[in-house]
Every structure is written in C-alpha cells, then in structure tokens.
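To start, the structure under review is shown below, and the notes come after it.
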Amino acid sequence: MAEKQGMRVALIGNPNSGKTTLFNLLTGLKQKTGNFPGVTVDKKSGTCKLSAGTSVEIVDLPGTYSIYPKTLDEQIVQEVLLNKSHPQHPDKVIVVADASNLKRNLLLFTQIRDLGIPIILVLNMIDIADKRNLKIDLRALGIDLGVKIVTTNSHSGEGLDALKEAIGQTQAKSKRPFYEVEPLATEVISRISKKFDLENNYAAFQFAQQSDHLKFLSEEEKTAISDLRNKYGFDHNHTQSEETLGRYKHISDIINRNVTSPVTGVASLTQKIDRIVTHKVFGYLIFFALLMLIFQSIFAWSEWPMDLIENSFASVTEWLKGVLPEGVVNDLITDGIVSGLAGVLVFIPQIAILFTFISLLEESGYMSRAVFLMDKLMRAVGLNGKSVVPLISGMACAIPAIMATRSIDGWKDRLITIFVTPFMSCSARLPVYTILIGLVVPEEYVFGFFNLQGLVLMGLYLLGFLAAILSALAMKFILKTKQRGYFVMELPGYKLPQWKNVLLTIYEKSKTFTFEAGKVIIAISIILWVLASYGMGDEFNNAEEHVKASLGQNYSEREYEIALNSYKLEHSFAGAFGKTIEPVIKPLGYDWKIGIALITSFAAREVFVGTMSTIYSIGASDEEEATIRERLRQERNPETGQPVYTQAVGFSLMVFYAFAMQCMSTLAIVYRETKGWKWPMIQMAYMTAVAYISALITFQIFS
C-alpha cells in the first residue's frame with residue numbers, strides 16, 4: 001500500500017553513522033538549506049522520488065546519540081519528534097545505524113520507536129560489518145526489534161532501491177514498547193497523558209523528563225508538569241539512568257542472540273593506521289604536510305582556469321564596449337556589472353579546490369583524526385577540547401563555525417571560542433589573499449619544489465591560527481576560566497571517499513559563493529560604479545577643462561582619456577569618501593582607493609576584489625582592457641611615480657585582512673549567539689586594533 005503524496009520523512013542517526021551520505025544519495029541535487037523555525041540550527045531537506053513515482057520530503061535532522069539532548073543541535077531532534085505541531089514533525093522516521101557498532105546505535109532507535117512514530121531501521125555500512133566478519137541474522141533481529149530492517153552501503157549506493165520501496169510502504173506502529181517506562185513514574189505519566197491528550201506513555205515520560213527544555217510548552221504547562229514531579233517525587237536523573245540501563249540490557253540480549261562476532265585480538269587496519277596518523281610526532285607532520293599540499297594545489301591547479309575566466313571576461317567587456325552605444329548604459333554594464341561578475345566567478349576554481357580537499361578529508365575519516373590531534377594543542381591554551389571543531393570549520397566560513405560552538409558546554413569556554421574563531425582565515429579571504437600574493441610574491445620555487453606563493457598563503461592561514469590561540473590564552477586570564485575542558489569524539493573507520501558526495505559538496509559551496517556572496521559583490525560593484533562615476537562641484541562637473549589645462553598643449557587622445565578618467569574618479573563621491581579616511585590609513589601605505597575597498601569589503605571579504613576591479617576599470621582606457629591583476633600592478637603613486645602595490649603595501653594588506661573582523665554577517669551571528677551587542681562590539685574593536693597595529697608593523701618592516 002503506497003503512502004500519500006507530500007509525506008515527510010525524518011532521517012535520524014548517531015554521528016558518523018553515514019546518515020548525511022545517505023541523505024545525499026536519496027535527495028541528490030534536490031536539496032535546500034535553511035534554519036529550523038525559531039532557532040539558528042542548520043536544516044537540510046530534500047525531495048526523494050520513490051519507485052512508484054511519488055515524491056517525499058526528506059529532512060536530515062542533526063546527529064545525536066540519544067533523545068536526551070546535550071546541545072542545542074540535539075535538542076532539535078527532541079523538539080521535532082515530541083511536538084506534533086512542529087513544521088518538520090515527520091510522518092515516518094528512518095533511523096540510520098552503523099551495522100558494525102549496533103549496540104551503541106540501537107539506543108537511539110529504541111527511544112524513537114517507543115514514541116509510536118512509524119519507523120524504518122537502516123543498517124548502514126553493511127560492507128564494513130561484513131569485512132569484520134560480523135554475522136547478523138536480519139530476520140530474527142527485525143522480529144526482536146519489531147521493525148522493518150533495510151541494509152545499505154552508502155558508499156556504493158547498495159540497498160538504496162530497497163529503502164525507497166520501504167519508504168513507500170505503510171509501517172504499522174508498534175503495539176508494545178521496546179522498554180516500558182510506565183512503572184518508573186506511573187502517576188506522573190498518567191496525569192501528563194491525560195492533561196496533554198497523549199496516547200503514548202514514552203512521550204508523556206519525555207514531557208516529565210525534559211519539560212524545562214521543550215520550547216513548544218507554555219510557562220503554565222511547564223509549571224504544571226513541575227508541580228506533578230514535585231508532588232509524586234519524580235527524580236528525572238534517577239529515572240533516566242534506570243531507563244538507559246534497562247534499554248542497554250535489553251539491547252545486549254538481542255545483540256547476543258542475533259549478531260555473531262569473530263574472536264578479536266589482531267589490530268584492525270584502522271587501528272594500525274591510527275598508530276601513525278594520531279602519533280604525537282608523525283601525526284602533526286602528516287597534518288601539516290596535508291595543509292601544505294592543499295595550499296600548494298590551490299595555486300598550482302587553479303592558475304589555468306582563473307586565467308581563462310579573466311581573459312574571457314576581458315574579451316566580453318571589450319566586445320560589449322564595441323557593440324553597445326556609448327554612454328551611461330555602456331559604462332554601467334561593462335565597468336559595473338561585468339567587472340563585478342568577473343570578480344565573483346574568477347575565484348570559483350580556488351573555492352572548488354579548497355572544498356574538494358575538505359570534503360575528501362571528511363569522507364575518508366581523516367578530519368576526525370585532525371580534530372583529535374589539535375585537541376591536545378587546544379588544551380594547552382585553556383580552550384575546551386570541543387573548540388577544535390569550530391576553529392577548523394572557521395577555515396571554510398565563520399558563520400557555521402560560530403554556530404557550531406553550541407556543542408561546548410561551559411559558557412565561558414564557548415564565549416572564548418566564539419571570540420577567536422573569526423581569526424581563522426575563511427574561504428572569503430582566499431580571493432583577497434590570492435590577488436595580493438599574485439601581485440607582490442614572485443612565482444618562484446623554493447628548493448625546486450615548494451611554490452613560494454603557496455608557502456605565503458599557508459603562512460597567512462597559520463598566522464590567523466596563531467592569533468586565535470594567543471587571543472584565547474589572553475581571554476582565559478581575562479575571564480578567569482578555571483574549568484578544564486574535556487573532549488570526547490568517535491573516530492570513524494577509514495573509507496574511500498564517495499565521489500558523488502565530494503562533487504555535491506563542491507557544487508553546493510561553489511553555488512553558495514556565487515549566489516550568496518556574488519549578489520553582494522555585484523550589488524556593491526554597481527553602487528561603487530555610481531559613486532565613482534558621479535560627483536558634485538566644479539572639479540567634477542568641469543573635469544574636461546581642468547584636465548586639458550593640466551595637460552597643456554601637447555598630449556595624445558589616449559593620455560587625455562587616462563587623465564580624465566583618473567581625475568573624475570578622484571573627484572567623484574567615491575573619491576571624496578576615500579580621501580576622508582585616507583589620513584587614518586596612510587601610515588599603513590594605503591591610498592584613498594584602497595580605503596574604499598576596506599570599507600566595502602566589510603559587507604563580505606570577497607567584495608575587496610570586486611571593488612578594486614570596479615574602481616580600476618573606470619580608470620583604465622577603453623583600448624586596453626587588462627585584467628584586474630594587471631590594473632593593480634600598473635597603478636602608480638601620483639606623488640612618487642612608484643608602483644602603489646609594493647611588497648610593503650601588499651603584505652600589509654594581507655596581514656590586515658588576516659586579522660580584521662571578517663564581515664557584517666559574522667558580526668550578526670555573534671550578536672545572535674551571545675544575545676547582545678556587547679561582545680560583538682568588543683570583538684570588532686579588538687580585531688580591528690590587532691589588524692591595524694599588525695599591518696602598520698608589517699608595512700614598516702618591508703618598507
């Protein structure tokens with residue numbers, strides 16, 4: 001019997017169970033991301049086409065080990081399952097369990113099963129279980145658990161059709177619970193069931209256990225439940241412990257009956273590899289070698305496609321200038337829109353390469369080892385061990401990284417992590433780094449092997465990491481944190497990356513960069529074009545006369561065009577704005593044009609490149625449409641006649657961007673996570689001061 005159309009299916013499982021990989025296989029590119037209503041927790045949902053031709057919505061809920069939440073992410077699972085009015089409350093649940101570690105994975109399954117929601121149990125990673133010679137009697141196990149079992153291999157896609165078929169079938173609700181909680185709190189469960197019209201004992205038990213954390217309950221309802229607990233002596237810690245121990249005992253009996261394990265004694269391949277990659281010396285060498293490979297590849301592999309994109313846009317701009325009528329529309333399209341678009345698309349190759357490596361490390365299982373290694377370093381500066389995850393995530397984007405700090409238990413530890421995470425160089429800084437490195441760092445090889453530009457890029461990432469560590473150490477003493485953090489995580493087995501997931505990650509990240517950052521970059525490029533193309537006063541309105549007077553009698557048409565464009569830019573609205581802040585930034589070696597880019601890039605770091613592209617395309621001649629890197633390289637200081645972008649200026653700018661507050665979106669997420677403007681403002685002032693002083697020192701050193 002087929003289910004109705006519009007059915008919602010929730011995908012739930014332990015971390016590292018392969019849940020998200022299975023979600024990608026089921027939904028493919030038919031995915032959308034957002035936040036769960038009312039909370040800043042990532043929500044991924046997608047459409048899955050069943051064999052019968054109907055479609056269902058798949059919601060990928062955050063990974064959790066139990067229905068008892070320890071973090072905000074895990075609390076979402078509880079909210080979605082217990083609140084029948086929740087927009088994501090499922091018609092059916094798929095619990096994904098690691099077939100090679102059933103005892104740990106089945107606790108969550110039994111809890112969700114007892115809520116009375118139709119359920120399918122997926123034993124994923126069945127290939128790993130087979131390699132470990134685990135013999136699972138699937139038929140008997142399904143009878144003992146009272147559930148439909150589907151086996152899958154998310155790496156190869158094996159079992160996917162069987163899962164889709166199971167989703168389309170009707171799963172009957174379990175008539176008897178896996179573990180009966182009614183004896184643990186008979187009166188409380190009975191009265192809560194009656195008050196809230198609950199037919200399920202375990203749902204009523206969870207209301208009693210977690211009422212303080214259930215957002216869908218009103219204050220009056222929470223008070224009523226609290227009064228019942230006090231009246232009947234309900235001890236939530238004791239009853240939770242009794243329930244968990246009882247479930248594990250029942251699970252162990254079932255596992256012993258239905259799963260046969262081989263006699264162990266020989267170290268597995270994963271254990272042998274871990275002895276090297278998590279070694280206290282070799283582990284760090286391997287980790288930093290991988291980082292060096294990533295940064296070398298970003299430059300070496302992206303050069304050709306970036307040049308192709310730059311040259312293509314230069315040709316398109318030249319063609320448009322020739323076919324479009326001269327005037328405002330021509331200038332807006334070529335110097336505003338096309339220049340801004342070029343500033344977006346030219347960095348897609350580097351973004352794609354960066355996330356290819358990140359995805360490969362995550363898919364293979366190595367990323368967990370990197371987190372484990374860096375935890376030891378984090379403890380030395382007083383950070384909670386769980387701070388490693390946000391810091392490493394910050395290399396991709398600070399916004400989800402700061403949101404990831406919700407897994408940290410102590411408020412002070414969490415605050416320190418939020419405060420220092422923006423120092424980690426995110427992917428938005430990559431376009432700024434690469435354009436500046438290409439300008440002032442020669443494309444040479446050290447020892448005939450290491451690309452000098454790649455080494456500088458790696459140095460900038462390490463510089464941000466060092467700033468985060470030192471700032472965390474300072475914050476530790478300021479906030480007087482004494483609690484030692486602990487860090488517990490499961491190291492998944494190694495596996496070959498699934499290229500479909502890798503390609504999907506590259507597609508999603510490139511799409512996000514293009515359409516999210518791209519919209520901001522192009523919008524600001526158009527605004528900048530307007531500000532740089534128009535001005536007020538005699539200097540701007542009578543620019544032609546002023547330029548002709550300054551050139552004298554003998555000048556060519558090309559000299560006149562270049563001088564006119566430069567003069568108009570200097571006396572435009574943008575020029576006036578840049579000159580206002582020029583005295584503040586001049587000690588760093590920056591002129592008023594760079595000043596404009598510094599301010600606009602606060603919208604998004606990538607905007608720096610689009611801003612410079614827009615500014616210098618206005619100052620360039622029509623006959624010579626050079627790429628943005630060439631425009632910057634040819635820029636001269638009008639006072640000295642020397643290049644503007646010397647090594648001193650280039651390195652000063654790189655250091656400034658390595659330390660400065662990332663973007664206004666980061667500021668907004670810090671406000672949301674700290675519930676006030678105090679810490680975002682302190683953070684911005686601190687990072688700006690560090691960036692300014694460090695850039696000043698750098699400029700003086702290289703001058």
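The values are calculated or read from the model by the stated rules, or taken from the named source; none is laboratory data. Keep in mind the model is a prediction, meaning the values are calculated, not measured. Note: ideal-geometry Cβ built from the backbone for every residue, glycine included; neighbour counts use all protein chains shown.
Overview of results
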read-out	value
Of residues in the range 529-559 being among the hydroxyl-bearing types (S, T, Y) and over 27 Å from G595 (Cβ atoms), the one modelled with the lowest pLDDT	Y555
Check on E220, assigned by TED's automatic domain parsing to the domain that holds H250, free of Cβ contacts under 8 Å to residues at least 60 places away in the same chain, more than 27 Å from F23 (Cβ to Cβ) and not in a strand (DSSP E or B)	yes
Filtered residues of the range 523-571 (kept if within 44 Å of the chain's Cα centre (by Cα) and basic (K, R))	K568
Yes/no for K92 being without any contact (Cβ under 8 Å) to a residue 24 or more places away in the chain and within 23 Å of K173 (Cα to Cα)	no
Breaking point among (1) surrounded by 21 or more Cβ atoms within 10 Å (Cβ to Cβ); (2) modelled with pLDDT of 85 or more, for L415	(1)
Inter-residue pairs, beta-carbon under 8 Å, first free of Cβ contacts under 8 Å to residues at least 24 places away in the same chain and in the range 142-163, second surrounded by fewer than 20 Cβ atoms within 10 Å (Cβ to Cβ) and of a type in the set (K, R), 6+ apart	G142/K148
Residue identified as over 30 Å from F23 (Cβ atoms), at pLDDT below 90 and within 39 Å of the chain's Cα centre (by Cα) among D161, D212	D212
Qualifying residue in the range 76-85 (condition: over 23 Å from L106 (Cβ atoms), modelled with pLDDT of 80 or more and of a type in the set (G, A, S))	yes
Answer residue from the range 51-67, given it is part of a loop (DSSP other than H, G, I, E, B) and surrounded by fewer than 21 Cβ atoms within 10 Å (Cβ to Cβ) and is nearest to the chain's Cα centre (by Cα) among those	G63
1 or more residues among the polar types (S, T, N, Q) and touching a strand residue (DSSP E or B) at 6+ places or on another chain (Cβ under 9 Å): qualifying helices (runs of 4 or more DSSP H) within the range 97-162	102-113
Residue in the range 474-489 that is modelled with the lowest pLDDT, counting only those that are touching a helix residue (DSSP H, G or I) at 6+ places or on another chain (Cβ under 9 Å) and surrounded by 14 or more Cβ atoms within 10 Å (Cβ to Cβ)	G485
Helices (runs of 4 or more DSSP H) wholly inside the range 259-371 containing at least 1 residues that are hydrophobic (A, V, I, L, M, F, W, C), surrounded by 16 or more Cβ atoms within 10 Å (Cβ to Cβ) and not assigned by TED's automatic domain parsing to the domain that holds A140	269-277, 282-300, 303-323, 339-345, 348-364
Elements of type helices (runs of 4 or more DSSP H) contained in the range 602-703, each with 3 or more residues being under 22 Å from the mean Cα position of the chain (by Cα), surrounded by fewer than 19 Cβ atoms within 10 Å (Cβ to Cβ) and modelled with pLDDT of 70 or more	664-674
S85 being under 30 Å from D212 (Cα atoms) and among the hydroxyl-bearing types (S, T, Y)	yes
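Conditions (1) farther than 21 Å from S51 by Cβ; (2) basic (K, R), marked per residue:
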site	(1), (2)
K131	yes, yes
L145	yes, no
K148	no, yes
T151	no, no
H155	yes, no
G168	no, no
S174	yes, no
E187	yes, no
K194	yes, yes
